[in-house]
Amino acid sequence: MGLKKEKTDQKFTYKEYDSWPEDERWELINGVAYDMSPAPSIGHQWMSTELARRLGNHLENMMMENLPRLLTGGRMKTILLNLLYLRVLVLM
């Protein structure tokens, strides 16, 4: 992701910002206008979701297949606990 492009060196008010064309995507931070990236395409959103789903399924299957072995090892037990922690974060 590149650096955000400033509109100008000028400082703007919210009233000025509110009057800008709606087809342009800008954000105003402390009076400075920054050009925003376009919204991701539907294809990009689908691919991101599919990748996350497949990765999650793979990790869950791997964890369930190896659960007995993971519970008995020291280092592997730490890995299992980290995977369980990540799973809880996803469910929240």
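The values are calculated or read from the model by the stated rules, or taken from the named source; none is laboratory data. As the structure is a computational prediction, the values presented were derived from the model and not from experiment. Cβ coordinates were reconstructed from backbone atoms using ideal geometry, including for glycine residues, and neighbour counts include every protein chain displayed.
Does R87 qualify as being at pLDDT below 80, under 21 Å from the mean Cα position of the chain (by Cα), basic (K, R) and not in a loop (DSSP other than H, G, I, E, B)?
So R87 passes the test.
For the stretch 20-40, the condition of being among the charged types (D, E, K, R) and modelled with pLDDT of 90 or more holds for none of the residues.
Counting residues in the stretch 48-67 that are at pLDDT below 70, more than 30 Å from R25 (Cα to Cα) and in a helix (DSSP H, G or I) gives one or more. If you go through the stretch 15-35 and pick out every residue that is in a loop (DSSP other than H, G, I, E, B) and on the phi < 0 side of the Ramachandran plot, you end up with 7. Within the stretch 42-60, residues that are closer than 23 Å to N82 by Cβ and in the same structural domain as I79 (by TED's automatic domain parsing) have Cβ atoms under 7 Å from residues that are in a helix (DSSP H, G or I) and not small (G, A, S) in these pairs: G56/V90; L59/L83, counting only partners at least 6 apart in sequence or on another chain.
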